[in-house]
1. By the gyration tensor of its Cα atoms, with a ≥ b ≥ c the square roots of the eigenvalues, what is the shape of segment B:34-103: rounded for a/c under 1.5, prolate for a/b over b/c, or oblate?
2. If a paramagnetic tag sat 7 Å from the Cα of B:T333 along the Cα-Cβ line, which residues of segment B:174-202 would have the backbone N under 13 Å from that point?
3. Rule-of-thumb check for chain B: C-alpha Rg over 2.2 N^0.38 Å?
4. Neighbouring Cβ atoms within 10 Å as the yardstick, rank A:F145, B:F215 fewest first.
5. Which chain A residue sits with its beta carbon nearest the axis carrying A onto B, and how many Å away is it, rounded to a whole number?
6. Beyond 47 Å, what share of the Cα-Cα pairs of the protein assembly as shown remains, rounded to the nearest whole percent?
7. Between the helical axis of A:182-197 and the dominant principal axis of chain A, each derived from Cα atoms, what acute angle in degrees is found, rounded to the nearest 10?
8. Can you give the average number of partner chain beta-carbon atoms within 10 Å of each beta-carbon in peptide A:275-284, as a whole number?
2 protein chains.
Amino acid sequence: GASSLLMISWFSFGSSKDKDSYMAEPVSGYRAFKDIENKPMRLRMEKLCMDVQHSLCQELQKLEPNAKFCVDRWERSQGGGGVSCVLQRGDTFEKGGVNVSVVHGKLPPPAVKQMRSRGKDLPQDKELPFYALGVSCVIHPVNPFVPTVHFNYRYFEVDVGNGETLSWFGGGSDLTPYYLDEDDARHFHSTLKAACDSSDPALYPKFKKWCDDYFYVDHRGERRGVGGIFFDDLDSPNKEKTFQFVRACAEAVIPSYLPLVYKNKDKPYTEENARWQRLRRGRYVEFNLVYDRGTKFGLSTPSARIESILMSLPLVAQWEYMHSPQANSPEDTLLRVLKEPKEWI
Amino acid sequence: GASSLLMISWFSFGSSKDKDSYMAEPVSGYRAFKDIENKPMRLRMEKLCMDVQHSLCQELQKLEPNAKFCVDRWERSQGGGGVSCVLQRGDTFEKGGVNVSVVHGKLPPPAVKQMRSRGKDLPQDKELPFYALGVSCVIHPVNPFVPTVHFNYRYFEVDVGNGETLSWFGGGSDLTPYYLDEDDARHFHSTLKAACDSSDPALYPKFKKWCDDYFYVDHRGERRGVGGIFFDDLDSPNKEKTFQFVRACAEAVIPSYLPLVYKNKDKPYTEENARWQRLRRGRYVEFNLVYDRGTKFGLSTPSARIESILMSLPLVAQWEYMHSPQANSPEDTLLRVLKEPKEWI
């Protein structure tokens with residue numbers, strides 16, 4: 001009867017407060033987050049990812065009276081799953097996606113090879129159990145004066161046998177404007193720098209440069225945008241301190257980006273501005289499909305969830321043969337800073 | 001004075017008849033094509049490429065009273081160059097490009113490695129002089145009921161030392177409809193089959209299957225279109241007969257495709273049809289940037305001409321999260337044949 005259904009609902013969803021705190025039930029279940037401070041790092045990181053997804057989607061939804069996030073909770077046959085939240089054709093955001101994925105299984109040999117090439121001490125001839133989770137997001141706004149933002153924060157564990165586990169964090173946030181507003185670039189970088197500095201003042205300069213290098217589109221001789229921070233294989237000084245650093249970066253997403261949306265979203269723009277935005281979104285597609293490590297890894301992973309991997313692509317992109325902006329136009333000003341990255345702070 | 005200028009013009013351009021026969025001066029010069037039957041294969045193939053470019057551009061131009069081909073003759077600092085012809089925003093063609101490139105130099109080690117993996121007997125530790133030329137083309141029409149066509153015919157020579165040269169041909173033509181018209185697919189395939197059969201009836205079935213395999217988009221589990229023919233490393237029964245085969249295929253381009261344009265270009269269509277066309281053009285971008293061997297080779301070649309390599313990308317492409325056509329709709333009918341290729345003849 002009604003009371004036993006209530007029990008099932010109570011057991012599977014936990015308290016109604018938990019239920020409202022996330023976009024969907026976490027892959028590991030609501031109950032896995034109880035007493036979280038005493039849980040293993042992978043659950044603490046999963047909770048952080050779900051918290052970031054929820055708070056960001058709530059902030060974005062405030063700007064969208066007419067469009068709603070489509071929330072998909074999906075499972076992966078080889079282990080794990082995810083929660084994808086995507087909003088399309090909003091008043092402020094043309095397309096925005098925030099994806100949490102929590103997958104585990106056996107590491108495929110090409111991944112082992114790639115990690116060994118980055119200096120990981122992994123045995124070569126064994127199937128290695130792994131655990132990978134993270135939150136990733138790309139937001140493409142409608143107004144060409146609002147930049148696109150991307151971030152990703154992730155945690156990786158590999159069981160190397162004999163009871164030993166290797167683990168590390170990776171991630172970053174970066175900004176892709178269509179028109180350069182130096183104040184916006186400075187605000188974005190300053191917010192990230194403050195998050196980095198709370199752990200170690202040496203981090204921001206190092207990760208800012210890493211970001212400029214990572215988002216280099218070799219065949220165009222330009223960067224994707226004005227950068228931000230990027231890091232990988234981070235495990236020092238210790239797991240706890242690295243997690244605190246990653247948390248600070250993840251919590252900097254909203255204050256680094258949302259003010260730029262509010263500032264620019266209602267600026268008037270022309271069809272020429274929108275065309276330039278579509279052309280630059282074509283370059284975004286080029287980076288993601290040709291170079292991005294996460295996208296390439298995803299596309300080559302058997303039974304990966306393609307829709308979640310490619311939700312980073314813009315709603316519309318354009319390619320014109322031999323398009324080149326006029327010298328000293330606002331479009332040209334952007335290109336110059338993409339060819340020659342600047343120090344913003 | 002005037003008479004010496006006239007002489008210079010006469011020497012560099014040959015007769016005015018030659019000048020009107022190509023979109024621009026061939027990379028090897030007009031005079032290189034004189035007495036062509038007695039010239040080396042690379043010049044005969046270059047003339048074929050220039051002829052195909054010229055006759056196709058003339059046919060396409062007939063349908064475009066308001067747009068003109070932009071013709072760029074370009075040079076490559078390491079040797080060779082090309083002629084790119086691109087038409088954008090026409091009445092019939094949204095974007096179409098026909099590119100001839102004729103390049104030579106030293107083969108980079110990754111290319112040697114890739115060719116060895118395909119069974120070429122190339123020495124590994126030497127810098128090998130090479131000569132590569134071809135014509136390639138992608139045409140994206142305005143009307144969603146007109147398919148996109150792509151073709152590429154190419155010739156490769158490598159000097160392996162001791163006076164020995166390896167040479168081979170490659171190429172193919174394939175059709176990418178947005179809506180399936182079985183008569184169109186049959187016409188396209190029949191025309192190609194006839195071209196193949198003129199050399200050897202065993203070729204069409206083999207190259208039809210190779211095409212279905214090559215244009216497979218692994219991460220989507222579907223082919224790019226309804227196929228055509230594809231081949232590579234072709235050098236038997238001998239160079240002359242292989243050239244005759246390639247010429248027959250290249251000369252089949254116009255009769256295989258132009259009738260489909262005339263038949264469908266004025267069909268009425270809705271915004272929904274155009275949206276589906278943009279979504280499928282997104283898949284075209286995915287294939288070209290993630291899988292296409294020629295595009296990947298081009299993007300990783302130092303000082304390649306990026307605008308010519310990426311002229312294959314459509315003017316506009318679209319990506320929608322979780323888009324899926326209704327069961328048994330015309331869009332769904334196309335998807336089914338992309339997932340399960342058919343014999344058209």
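Taken together, the values in this text are just the output of simple stated rules run on the coordinates, not laboratory data. What you are looking at is a predicted structure, and each value in this text was computed from that prediction instead of being measured. Note: ideal-geometry Cβ built from the backbone for every residue, glycine included; neighbour counts use all protein chains shown.
1. Values: a/c = 3.69, a/b = 1.73, b/c = 2.13.
It is oblate, given that a/c is not under 1.5 and a/b is not larger than b/c.
2. B:178-185
3. 1.02
4. Listing A:F145, B:F215 from fewest to most nearby Cβ atoms yields A:F145, B:F215.
5. Rotation axis A onto B, closest Cβ, rounded to whole Å: A:L289, 2.
6. Everything past 47 Å amounts to 25 percent.
7. Tilt relative to chain A: about 30 degrees.
8. The shielding value for this peptide is 1.
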